[in-house]
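I have placed the structure first, in the form of structure tokens, so that the comments after it can refer back to it.
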């Protein structure tokens, strides 16, 4: 597994070994020992999630305040522009943004340690987005930062207005959002 560092402390892009031939391919999407030895990720995962989104859907920027979730994310089919924002005030990369394209073709994974806000924009007709979390979903604890916050200046590759949920459209600006210590 190849590990690529990002602009955010401890947020990593992972490129698994892919074994392919005329029949197709094989890869390990999760191996606890390999993650610990290669990337230093020793967190325990408690929940797996799978979402499907249509082209132009933007989800995020989500986080849980009192029960922060680390996330190991990937796309099985399709493509997304994936974004992490460091919202840990004590972090040396507080306020930094890391972006990566995840797709069924490039097979990359993105590790977001607890304490980051997360979102993505679907680039393909549809995308199947899979992720493991280190804490259970707690809807009462969920928060949302406005996806197009001027201070964060996320370079979303948009050609038109994104499709947003009502919750995501009402996200708070980074400057006034509740953040981690």
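Projected over every direction and averaged, the convex hull enclosing the alpha-carbon atoms of segment 2-169 yields 10.2 nm². Peptides 109-115, 11-17, 119-125, 38-44 ranked from most to least packed give 109-115, 119-125, 11-17, 38-44, packing being the mean of other C-beta atoms within 10 angstrom over each peptide's residues. Taken over the Cα atoms of segment 90-132, the convex hull encloses 90 Å³ per residue.
Between the C-alpha center of segment 108-181 and that of segment 1-68 there is a gap of 16 Å. With both labels modelled 7 Å from their Cα along Cα-to-Cβ, the residue 172 to residue 142 distance reads 1.7 nm.
Taking the fewest neighbouring Cβ atoms within 10 Å as the starting point, the ordered list for 96, 2 is 2, 96.
Shown for segment 49-109 is the translational diffusion coefficient from the Stokes-Einstein equation, using the Kirkwood radius over Cα pairs, a temperature of 4 °C and a viscosity of 1.567 mPa s: 98 µm²/s.
Full extension of the chain segment joining residue 150 with residue 17 gains 44.1 nm, where the gain is 0.36 nm per residue of separation less the Cα-Cα distance.
Here the sum of -39500 (n - 2.57) over DSSP H runs of 4 or more residues, divided by the residues of the chain, equals -500 deg cm²/dmol at 222 nm, to the nearest 500.
We did not get these values from a lab; they are worked out from the coordinates using the rules stated. Keep in mind the model is a prediction, meaning the values are calculated, not measured. Glycine also receives a Cβ, built like all others from the backbone with ideal geometry; neighbour counts cover every protein chain displayed.
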